[in-house]
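Okay, structure first, notes after.
Derivation of every value follows stated rules applied to the coordinates shown; laboratory data play no part. Everything numeric in this text was worked out from a predicted model, so none of it was measured. Methodologically, a virtual Cβ is constructed for each residue, glycine included, from the backbone with ideal geometry; neighbour enumeration extends over all protein chains shown.
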Amino acid sequence: MELLAVILAVLGLAGGTAIGYIYRKKLVEEKNKDLTEKSAQMLRDAQNKSKETLLEAKNNAFKVLDEAKRDERRKREQLQKIEERLVEKEQFLDKKSEEADKLKEELENKVTSVKRLREEVEKIQAMQQSELEKVAQMSKEEAKEILLKKVEEDTKEILVEQIKKTEQQVKDEADKRAKYIIAEAIQKYAAETTAESTATIVTLPSDDMKGRIIGREGRNINTFEEITGIDVIVDDTPGSIVISGFDLVRRYIAKVTLERLIADGRIHPARIEETYEKVKEEVNQLIKELGEKAAFEVGVAGLHPNLVKLLGRLKFRVSYGQNVLKHSMEVAFLAANLASELGADVNLCKRAGLLHDIGKAVDHEIQGNHAAIGRDIAKKFGLSEDIVHCIEAHHGLVEPKTVEALVIAAANAIANSRPGADKENLDNYIKRLEELENVCNSFPGVKKSYAIQAGTEVRIFVNPTDVDDLGAVKMSHDIARKIEKDMQYPGQVKVNVIRETRTEEFAK
């Protein structure tokens with residue numbers, strides 16, 4: 001029974017398996033059939049869609065092609081129109097070129113004709129001139145000279161009158177303007193007119209002090225002269241001694257040293273040396289302070305410290321009786337005022353006016369003109385080219401090229417020529433007046449000349465038979481130009497040529 005049951009179970013399992021297999025196979029076949037149908041349907045749908053897409057693409061391609069053809073046709077029409085316009089312009093330009101060629105040819109013909117006519121006229125003029133020279137028996141230049149002389153003789157009085165009138169008008173206007181400018185400048189700055197003396201005299205409390213200054217066997221005075229570099233002159237003048245030296249700074253140090261030694265009463269070599277060193281330091285500090293004070297009063301800032309010291313040294317420099325530092329400050333103020341009236345650079349004129357004589361601070365140590373020395377100093381301290389030019393041009397070392405340089409030269413001349421400013425040596429003064437008169441006497445027709453008004457005017461008397469009115473006018477101009485060329489003088493010189501005739505008769 002159990003075996004039968006097992007067999008039946010095996011058979012049942014085998015039959016179930018077979019039935020299951022057959023059932024699954026049938027399901028797979030049905031599924032494959034559905035898939036095949038779906039694939040075929042999808043293929044048919046895809047073929048239909050591709051046909052529609054291809055048809056649509058062909059239609060779009062035809063549309064693009066038609067549009068391209070229309071665009072090409074439109075551009076071709078535009079190019080054709082442009083070409084037609086270019087052809088028209090080319091034809092127009094060809095026509096203008098032909099007209100220009102014709103006009104050029106006509107002008108060339110006219111120029112040739114004019115040249116030919118001018119040559120003919122010149123030939124005729126040459127023939128006429130030759131005939132006139134033969135008839136007149138003189139050349140063209142001789143006839144011109146005679147004609148000019150005749151015109152000059154006929155119009156001499158008119159010319160003299162016109163020259164004098166014009167000259168007077170110009171002079172009046174120039175004097176009026178110059179007086180106004182100078183008056184404006186001077187009234188803004190008033191300086192001392194008392195010139196400083198270059199002699200240095202030390203007053204003594206008693207004549208017994210002279211022996212103490214000299215010392216035993218002269219050792220005190222020898223030590224003093226050796227240390228200071230200054231000569232001490234002890235003579236019979238009561239109550240004073242004289243110290244002499246070219247360097248005013250050293251002379252000032254020596255003067256202060258000697259005054260302190262006299263006040264102290266202890267005079268011996270060691271004390272002299274100690275006092276001298278102390279005074280020297282004080283004077284060096286004083287020089288710096290003087291330079292700074294001058295720059296501050298004028299309104300000039302930014303100067304190099306060593307340049308300020310050189311400026312302070314000018315306090316101890318005297319030129320023709322003038323203190324050079326005061327003179328430099330005066331020129332700076334005058335130049336600034338003149339510059340403001342003339343529209344020039346006021347600050348530049350202030351700076352250049354203050355430094356224009358800086359070369360005089362060391363001109364006893366360096367050879368050369370103080371203007372050239374000042375120029376080199378200005379370059380050394382890096383001042384501007386305009387200031388350097390003003391310094392070197394203020395005495396005519398070079399020709400002034402700027403308005404500011406002319407202003408500095410004018411301010412310097414004003415400061416030098418005002419009353420009391422310049423105390424010249426009498427011999428030099430007389431010599432300059434004689435040279436002025438000799439220049440005037442060198443002209444033919446001059447009877448006598450006199451330099452007056454301290455050399456600012458010269459009166460020249462001429463022989464009336466040798467010099468006429470027009471000749472007197474010419475002579476005044478020629479003498480003025482010769483004075484400008486041959487002489488050096490402050491300010492200006494008025495040339496006055498006098499021509500007069502006198503007739504006398506007695507009634508009896």
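Summing -39500 (n - 2.57) over the DSSP H runs of n ≥ 4 in the chain and dividing by its residue number, what mean residue ellipticity at 222 nm do you reach, to the nearest 500 deg cm²/dmol?
-24500 deg cm²/dmol
Calculate the tail of P(r) for the range 32-119: the fraction of all Cα-Cα distances greater than 22 Å, expressed in %.
In whole percent, the long-distance tail amounts to 70.
Check cross-link reach from Lys102 to the aspartates and glutamates: straight Cα distance under 20 Å, and skip same-chain residues fewer than eight apart.
Of all the aspartates and glutamates, those that pass the test against Lys102 - Cα under 20 Å, at least 8 places apart if same chain - are Glu90, Asp94.
Charges at C-beta only: +1 for Lys and Arg, -1 for Asp and Glu. How large is the resulting dipole of the range 1-110 about its Cα centre, in Debye rounded to 20?
Taking the Cα centre of the range 1-110 as origin, the dipole is about 780 debye.
If you look at just the Cα atoms of the range 200-417, how large are its Rg and its Dmax in Å?
For the range 200-417, the Cα-based Rg and Dmax read 20.5, 67 Å.
What dipole magnitude, in Debye to the nearest 20, does the chain give about its Cα centre under +1 on Lys/Arg Cβ and -1 on Asp/Glu Cβ?
Dipole of the chain, to the nearest 20 debye: 2580 debye.
Could you sort 210-221, 351-362 so that the peptide with the highest average Cβ count within 10 Å comes first and the rest follow in order?
Highest to lowest by the protection proxy: 351-362, 210-221.
Just the Cα atoms of the range 1-68, one point each, no solvent: what log10 I(q)/I(0) does Debye give at q = 0.13, 0.18 Å⁻¹?
Treating every Cα as an identical point scatterer, log10 I(q)/I(0) equals -0.66, -0.81.
Residues with beta-carbon under 10 Å from that of Pro305, excluding Pro305: net charge, scoring Lys, Arg +1 and Asp, Glu -1?
Net local charge, Pro305 excluded: +1.
Please identify every one of the trypsin sites (Lys or Arg not before Pro) in the range 373-410 that sits in a loop by DSSP and has no more than 14 other beta carbons within 10 Å of its own beta carbon.
Sites meeting the loop and neighbour criteria: Lys401.
In angstroms, what radius of gyration and Dmax does the chain have, counting Cα atoms only?
56.4, 220
Taking the DSSP beta bridges in the chain as the whole, what percent of them are antiparallel, to the nearest 5? Let's see the in-between values first.
Working: 15 of 20 bridges.
If we restrict to bridges inside the chain, about 75 percent are antiparallel.
Tell me the net charge near Leu348. Cut-off is 12 Å between Cβ atoms, Leu348 excluded, with +1 for each Lys or Arg and -1 for each Asp or Glu.
Summing Lys/Arg as +1 and Asp/Glu as -1 gives -2.
Rank by packing, highest mean first: peptides 307-317, 322-332, 55-65, 457-467, with packing defined as the count of other Cβ atoms within 10 Å averaged across residues. All intermediate terms of the calculation are to be shown ahead of the outcome.
Values: 307-317: 22.3, 322-332: 24.5, 55-65: 10.0, 457-467: 16.9.
In decreasing order of mean packing, 307-317, 322-332, 55-65, 457-467 become 322-332, 307-317, 457-467, 55-65.
Taking amide H positions as placed in the peptide plane 1.01 Å from N, state which residues far from Glu457 in sequence (5 or more) or on other chains have amide H under 5 Å from it.
Hits under the 5 Å cutoff: Ile452, Lys494.
Report, in debye and to the nearest 20, how large the dipole of the range 33-90 comes out about its Cα centre when Lys and Arg carry +1 and Asp and Glu carry -1 on their Cβ.
Using only the charged Cβ atoms, the result is roughly 120 debye.
What lysines sit close enough to Lys33 to cross-link, taking a C-alpha to C-alpha distance under 28 Å and skipping anything fewer than 8 places away on the same chain?
Straight-distance partners of Lys33: Lys25, Lys49, Lys51.
Of the options Thr237, Ile201, Ala9, report the single residue whose Cα projects farthest towards the positive end of the charge dipole of the chain (beta-carbon charges: Lys, Arg +1; Asp, Glu -1).
Ala9
Helix 346-355 sits at what angle to the longest principal axis of the chain, using alpha carbons and giving 0 to 90 degrees rounded to 10?
Approximately 50 degrees, to the nearest ten.
Between 0 and 90 degrees, rounded to the nearest ten: what's the tilt of helix 219-228 against the longest Cα principal axis of the chain?
Its long axis makes an angle of about 40 degrees.
Set the bar at 20 Å for Cα to Cα. Now go through Lys326/Lys431; Lys431/Lys485; Lys255/Lys280; Lys165/Lys447; Lys149/Lys494; Lys293/Lys380 and name every pair that lies beyond it.
Lys326/Lys431; Lys165/Lys447; Lys149/Lys494; Lys293/Lys380
Would you mind giving the three semi-axes, in whole Å and largest first, of the ellipsoid equivalent to the range 426-498 according to its Cα gyration tensor? If you can, show how the numbers build up before the last one.
Values: eigenvalues 92, 29, 19 Å².
Gyration-tensor ellipsoid for the range 426-498: 21, 12, 10 Å.
Give the lysines whose C-alpha is closer than 19 Å to that of Lys115, dropping any in the same chain fewer than 8 places away, or say none.
Partners within reach: Lys104, Lys123.
If you fit an axis through the alpha-carbon atoms of helix 324-342 and take the longest principal axis of the Cα set of the chain, what angle between them do you get, 0 to 90°, nearest 10?
60
Show me 390-399, 264-273, 38-47 ranked by packing, highest mean number of other Cβ atoms within 10 Å first. Working shown, then result.
Values: 390-399: 20.0, 264-273: 14.5, 38-47: 10.0.
Sorting 390-399, 264-273, 38-47 by mean packing, highest first, produces 390-399, 264-273, 38-47.
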